[in-house]
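Read-outs throughout are calculated quantities, based only on the coordinates presented, and are distinct from any laboratory measurement. Quick caveat: nothing in here was measured; it's all calculated off a predicted structure. Every residue, glycine among them, receives a Cβ derived from its backbone with ideal geometry; neighbour counts consider all protein chains shown.
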Amino acid sequence: MQRFTDKVVLVTGAGSGIGKASAVRIAAEGGAVFCIDLNREAVEGTVEEITAAGGKAAARVCDVSDEASVRDSVQACVDHYGSLYSLVNMAGILRFDDTAQLQAGHWQKVIDINLTGTLFLCRESLPHLVRSKGSIVNAASTAALSGLPCGVAYSASKGGVLAMTRSIAVEYAKRGVRANCVCPGDITTGMTDGIDFPGTMDFDLMPRIMSLSGPRAPEVVAGVIAMLASEDGIHITGEDIRVDGGTLS
Ligand SMILES: NC(=O)c1ccc[n+]([C@@H]2O[C@H](COP(=O)([O-])OP(=O)(O)OC[C@H]3O[C@@H](n4cnc5c(N)ncnc54)[C@H](O)[C@@H]3O)[C@@H](O)[C@H]2O)c1
């Protein structure tokens with residue numbers, strides 16, 4: 001399958017996990033991938049891996065919660081490759097806090113990166129996506145659909161991403177831009193490795209986030225993201241697709 005030949009895709013969080021797997025998948029399908037991450041070493045590693053396999057990719061360090069940095073990065077992508085066909089927003093952070101002890105700064109950081117960062121990327125990319133009749137794929141989560149104990153900041157940020165994505169889908173439908181979410185659950189990545197839970201965490205409350213068929217590699221989400229970002233998803237917009245092994249079914 002070469003669904004991204006002559007197409008430019010900007011991927012955030014491309015240094016690790018689902019973002020990295022998406023960048024690798026899209027490049028393998030012929031896309032030129034502009035990879036963004038806060039972690040320089042990680043994002044350069046992704047680009048090295050793609051180019052070593054014969055793909056096209058460029059790396060840029062960017063904090064998605066920094067408005068100026070996002071504006072410059074989207075412009076740098078368009079300057080580098082000449083256009084933008086799809087935006088894949090996977091940068092994000094997860095933290096667990098006892099709600100009664102949640103600090104304002106911790107809440108704000110999660111909202112700034114997961115929700116506001118996603119908005120900044122969408123906002124800066126939309127004029128280019130209108131030109132290319134392109135699409136957006138945002139990272140929501142099963143935490144946006146079902147309660148996540150000690151995860152109020154994270155679930156609120158992902159619920160916001162879900163609602164924001166639907167609104168963008170409707171606002172831009174007549175202009176030919178699609179916007180969708182993936183809602184992963186229980187995917188094995190850096191994010192889910194060695195989580196720092198608060199002492200009050202009750203793990204009996206967690207089964208609703210555990211996959212029925214066990215945790216899965218980020219590539220299973222990347223395949224769905226590639227479908228949504230490509231022409232295969234041409235009549236899908238304002239949708240969210242769970243990739244959770246049936247957990248919430
Ligand atoms: N892994 C899961 O089980 C799971 C489940 C549901 C949703 N998600 C969502 O999928 C997305 C990808 O998660 P993942 O599991 O691949 O995580 P990950 O930690 O493996 O990758 C996230 C990447 O985002 C980058 N990042 C963090 N803050 C950033 C910032 N301010 N600016 C730019 N880059 C930043 C990190 O450096 C990292 O490379 C996230 O939005 C996450 O919330 C993951």
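Only one of (1) hydrophobic (A, V, I, L, M, F, W, C); (2) touching a helix residue (DSSP H, G or I) at 6+ places or on another chain (Cβ under 6 Å); (3) crowded, with 23+ Cβ neighbours inside 10 Å is not met by residue 139, so which one is it?
Going through (1) hydrophobic (A, V, I, L, M, F, W, C); (2) touching a helix residue (DSSP H, G or I) at 6+ places or on another chain (Cβ under 6 Å); (3) crowded, with 23+ Cβ neighbours inside 10 Å one by one, residue 139 breaks only (2).
Take the residues in segment 1-55 that are of a type in the set (S, T, N, Q) and within 14 Å of the ligand (Cβ to nearest atom), then tell me which one is surrounded by the fewest Cβ atoms within 10 Å (Cβ to Cβ).
Ranking the candidates gives 39 first.
If the requirement is being of a type outside the set (Val, Ile, Thr) and either on the phi > 0 side of the Ramachandran plot or part of a helix (DSSP H, G or I) (or both), which of these qualifies: 181, 77?
When all the criteria are applied, what remains is 77.
Test each condition in (1) part of a helix (DSSP H, G or I); (2) among the hydrophobic types (A, V, I, L, M, F, W, C); (3) in contact (Cβ under 8 Å) with a residue 60 or more places away in the chain; (4) loosely packed, with under 14 Cβ neighbours inside 10 Å for residue 222 and report the one that comes out false.
(4)
Across segment 1-37, what is the total count of residues that are farther than 18 Å from residue 93 by Cβ, touching a helix residue (DSSP H, G or I) at 6+ places or on another chain (Cβ under 7 Å) and assigned to a loop (DSSP other than H, G, I, E, B)?
3
Could you grab me the full set of residues in segment 145-156 that are touching a residue at least 60 places away in the same chain (Cβ under 8 Å) and small (Gly, Ala, Ser)?
Of the residues in segment 145-156, the ones touching a residue at least 60 places away in the same chain (Cβ under 8 Å) are 145-148, 154.
Within segment 145-156, 146, 147 meet the criteria.
So residue 100 passes all but one of these: (1) away from the ligand (no atom under 15 Å from the Cβ); (2) touching a residue at least 12 places away in the same chain (Cβ under 8 Å); (3) among the small types (Gly, Ala, Ser); (4) part of a helix (DSSP H, G or I). Which condition number does it fail?
Answer for residue 100: the failing condition is (2).
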